[in-house]
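One structure is given below, encoded as structure tokens.
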């Protein structure tokens, strides 16, 4: 699944570790999500959505929009 | 659980997975008598330590859970294949060919095959994705 996590993180000048700290996951998890190797769970997707104050569908693209 | 702890447990799990892969290769080499003695013992001890470390940290965060699940699924499938499907296929073949003999399926390799399947799937999920 494609996502804009890396762009949104870069806009805030956050490192992967800083974003991981905000989301309470590991840096490796953030890296896996950014590179499309792991799809986040629904609770984590909601946490990401709330953190960036954006709807989930504006962050994640499942290719069916 | 604090983020610092989560990061640390994830790092431990991923590092242990690398050690596990390396020592599993060593275990296969020991089974093939390529290495032996102290080398094989060291590999075995390191393998057990890495396996325990991975088990203890398997719930570090959802990414690690996904990696663990991929490995566990593959290990379960390998056990099913070795303990059920392979003997069944052998018996079926022996019945058809009339060449009935003792069981030739190497059941004693099942644990090593299951561990190999686990680490292959775990590594594959880590490199290519947890889908």
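Just so it is clear, none of the values below were taken in a lab; they were calculated from the coordinates. No experiment lies behind these values; they were computed from the predicted model shown. When we count neighbours, we look across all protein chains shown, and the Cβ atoms used for this are built from the backbone with ideal geometry, even at glycine.
The set of residues in region A:16-39 being at the interface with chain B (Cβ under 7 Å from one of its Cβ atoms), over 16 Å from residue B:13 (Cβ atoms) and crowded, with 18+ Cβ neighbours inside 10 Å consists of A:21 alone. The helices (runs of 4 or more DSSP H) falling completely within region B:10-124 that include 1 or more residues that are within 25 Å of residue A:40 (Cβ to Cβ) and away from chain A (no Cβ under 14 Å) map to B:38-56, B:62-80.
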